[in-house]
Amino acid sequence: MAPSASKQKRLAEKAAKAADKKTGSTLSSTVPSVAGGSTPLTSLSANASTDDLVDAQEQMRKLNLATDRSANGVLVSDPKGRDVKIDQYTLSFHGRLLIEGAEISLNYGQRYGLLGENGSGKSTFLQSLADRDVEIPDHIDIYLVRGAVDPGETNALDYIVASAKEKVARLEKIAEDMSTADEVDELALEAIYEELEEMDPSTFEAKAGAILSGLGFTQTMMAKPTKDMSGGWRMRVALARALFVKPHLLLLDEPTSHLDLGAVVWLEAYLATYNHILVSFHVHSADFMDTVCTNIMDLTTKKKLVYYGGNYSTYVRTKSENEVNQMKAYAKQQEEIAHIKKFIASAGTYANLVKQAKSKQKIIDKMEAAGLVEKVETARLLRFNFEDVRKLPPPIIAFSDVAFSYSGKKEDYLYKDLSFGIDMDSRIAIVGDNGTGKSTLLNLITGNLSPTEGTISRHTQLKLAKYSQHSADQLPYDKSPVDHIASLYSQKFPEKDIQFWRQQIGRFGITGAHQTNPINQLSDGLRNRVVFALLAMEHPHIILFDEPTNHLDMASIDSLAAAIKEFEGGVVIVSHDFRLISQVAEDLWEVKDKKVINLTKQDITIVDYKKALAKRSQAQIEKARLISKTATKGVV
């Protein structure tokens, strides 16, 4: 049987290389391997060359973080294999133990959802993997998407295409070196050629454009230099690059934080059949994990990683069943131990019973040596609380024939003919594509912007509070939560002591050392809770939330939803989180075509809205032919 075309090519290359050696010619080996270390997307300049000059300040920040982080573990998987398995993995950060003696088990072709409480160490864990704190085989390339690409002159489309071309060059170099080696690993080499075939440079621009479009970019925005983009849009460039390049191990740290609902649904569809290894820390979306994940990794309060097969809903059901069975086994074992101890206590000094008592004690000793069944620890119930305020008679806020443009010109109107009211019974969720003006609408409500036409009236005693997705970034990182809230409100409440300020922070789930540690040592989710505590201190009649669930875990979102439902004031939410919207929204407003459309009056629910977005996203993906040959469904 004749060798395959690819093998014939490799044999020819090997012969050519041997001929070159005879004439004293050598091939350069300076091209870096595609897997020669992790490639965190947060550190690459958008106009970077292959030398990738990274800003010195950013490098110093990462060095400091790496110094504060300590990890160790033992690689036990095949060094040449495609799976990653590490035993006895332990991780600490700022001297605090986060994970102890855990197993990391990542199988090729699987997509893992990473769960854990706020502050448990999920982001630190992903960063540890990306930085290869423990041994991971060099042929496994790792990308961590956690922040934005650096601003530069290169536009988004060219940046992504250049990154893909760079990976192709590296893969070709690896294939060349492997094919001309004295001992050829045929399986590994075939995998390289399959990856090269799948990338297909002739489709780079079309596919890169389709991915950017799915994440909300217009053609004009794709051509814009990254230096002219906001941080949120540069984060999307980083995400798009990772999706296009398709590393062996893709780590996503809250990938939807800066996406609108449409882009979130598109991303779900795109990731649904990612055919390498995906680990996504997406704390606040059951929908996302149900659509994307094949497995769940649960970072428990015992500092272990527990694995569950299936998506998030399967995880919830399986975990509940396991805990019920565990509690039954625990109760049975404790009853048996109590019965034995009762017998031992009653044996007294009777010779015939003492011998039996010693035998019974050995039974208990054996049970303890084998490990007793542990009692299920129920998670501490989080309860957020916004202070109730005195009712104000409606209308609290009234829009009357409002039109607005930033230039003041009619041809630039972002909105026109807006007429609606908001009062203390309102529970409004605002949805719509990026760029339609959702944040602008919130600024009109607060009075930060004034209408170009029409009027906006507000009750004279109205107190508004607004949560922005960037609010946590404005906290003083060198202060503790307790010190910060006391410094802001001690003049208003001079008689209050430190215990009072602890209570104000504590009612949003910030307890123990987190209250007195510097804010820069808190997780993003805990910083968000600090902001909620500050909002509550304002005693507002209306609260505006702009993406409040970013960085929050499931328990925190449910607690926030409960607090919103119990709050006696009005609430307006801009969010991409279906979980929160489905729990609290009584009116669903869509910003579209310069209007604000009340979908609830058309009997359209958030579930209906998502189904429409999903249908649109799947059509976009299929039209762009972003379907992998090895995918079982959807796209990669």
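The values are calculated or read from the model by the stated rules, or taken from the named source; none is laboratory data. All values reported here derive from a predicted model rather than from experimental measurement. Note that each Cβ is placed from the backbone with ideal geometry, even for glycine, and that neighbours are counted across all protein chains shown. Quick note on the areas: whole protein, heavy atoms, side chains included, nothing else; ligands and nucleic acids left out. Shrake-Rupley method; radii C 1.70, N 1.55, O 1.52, S 1.80 Å.
To the nearest 20 debye, what is the magnitude of the charge dipole of the stretch 203-274 about its Cα centre, counting +1 on the Cβ of each Lys and Arg and -1 on the Cβ of each Asp and Glu?
Details: 7 positive and 6 negative charges, 54 e Å.
So the dipole magnitude of the stretch 203-274 works out to roughly 260 debye.
Can you pull out the GluC sites (Glu not before Pro) in the stretch 153-186 that DSSP calls coil and that have at most 13 other Cβ atoms within 10 Å?
On the way: sites: 153, 166, 172, 176, 183, 186; in loops: 153, 183.
Of the GluC sites (Glu not before Pro), the ones in loops of the stretch 153-186 whose Cβ has at most 13 other Cβ atoms within 10 Å are 153, 183.
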Neighbourhood charge, 14 Å Cβ-Cβ cut-off, centred on residue 323 and excluding it, Lys, Arg +1 and Asp, Glu -1: +1
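Averaged per residue, what accessible surface does the stretch 382-519 expose to a 1.4 Å probe, in Å²?
With the other protein chains kept in place, the stretch 382-519 gives 50 Å² per residue.
Give me the net charge of residue 591's neighbourhood, meaning all other residues with Cβ under 15 Å from the Cβ of residue 591; Lys, Arg count +1, Asp, Glu -1. List each step's numbers first, then the result.
On the way: positive: 416, 438, 592, 594, 595; negative: 260, 417, 433, 546, 547, 587, 590, 593.
Local net charge: -3.
Work out the FRET efficiency for residue 90 and residue 205 from their Cβ-Cβ distance, taking R0 = 51 Å, and round it to the nearest 0.05. Before the final figure, lay out the partial values.
On the way: r = 45 Å, r/R0 = 0.88.
Approximately 0.70, to the nearest 0.05.
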Debye-sum result for the stretch 170-270 in log10 I(q)/I(0), which assumes one identical scatterer on each alpha carbon, at q = 0.10, 0.24 Å⁻¹: -0.38, -1.29
Globularity ratio of the chain, using Cα Rg and 2.2 N^0.38 Å: 1.13
Within straight-line cross-link reach of residue 362, lysines at Cα separation under 19 Å, skipping those fewer than 8 residues along the same chain: 332, 341, 342
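Please give me the summed charge of the neighbours of residue 568: other residues whose Cβ is under 15 Å from its Cβ, Lys and Arg +1, Asp and Glu -1. The partial results should precede the final answer.
Working: positive: 390, 391, 427, 463, 565; negative: 387, 388, 423, 425, 538, 566, 586.
The answer is -2.
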Taking only Cα atoms of the stretch 159-227, radius of gyration then Dmax in Å: 16.0, 51
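Can you give me the % of accessible surface on the chain that is carbon or sulfur? Probe 1.4 Å, all protein chains present, nothing else counted.
On the way: 15220 of 30340 Å².
Whole-percent figure for carbon plus sulfur exposure: 50.
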Protection proxy ranking of 457-464, 98-105, 208-215, 441-448 - average other beta-carbon atoms within 10 Å, highest first: 208-215, 98-105, 441-448, 457-464
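What translational D, rounded to a whole number of µm²/s, comes out for the stretch 397-616 from Stokes-Einstein when the hydrodynamic radius is the Kirkwood one over Cα pairs, at 25 °C and 0.890 mPa s? Spell out each step's value before the answer.
Numbers: Rh = 18.7 Å.
For the chosen part, D equals 131 µm²/s.
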With all protein chains modelled, accessible area of residue 409 [1.4 Å, Å²]: 110
Rounded accessible area per residue of the stretch 155-237, 1.4 Å, Å²: 46
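Give the residue list of trypsin sites (Lys or Arg not before Pro) in the stretch 476-548 that are DSSP loop and have at most 13 other beta-carbon atoms within 10 angstrom. Spell out each step's value before the answer.
On the way: sites: 479, 492, 496, 502, 507, 527, 529; in loops: 479, 492, 496, 507.
Listed in order of number, the matching sites are 492.
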For the stretch 280-378, the fraction of alpha-carbon pairs in successive 10 Å shells from zero, as %: 13, 30, 21, 16, 12, 6, 2
Dipole-positive endmost among 585, 400, 309 within the chain (Cβ charges, Cα centre): 309
Nearest-10 value in Å² for the accessible area of residue 205, using the 1.4 Å probe: 120
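Relative to the compact-globule scaling 2.2 N^0.38 Å, provide the ratio for the alpha-carbon radius of gyration of the stretch 476-583.
The reported ratio for this selection is 1.08.
What number, rounded to the nearest 500 deg cm²/dmol, is the helix-based mean residue ellipticity at 222 nm of the chain, given -39500 (n - 2.57) per DSSP H run of at least four residues and division by all its residues?
Values: 19 runs with 261 residues, N = 636.
Mean residue ellipticity at 222 nm (helix-derived): -13000 deg cm²/dmol.
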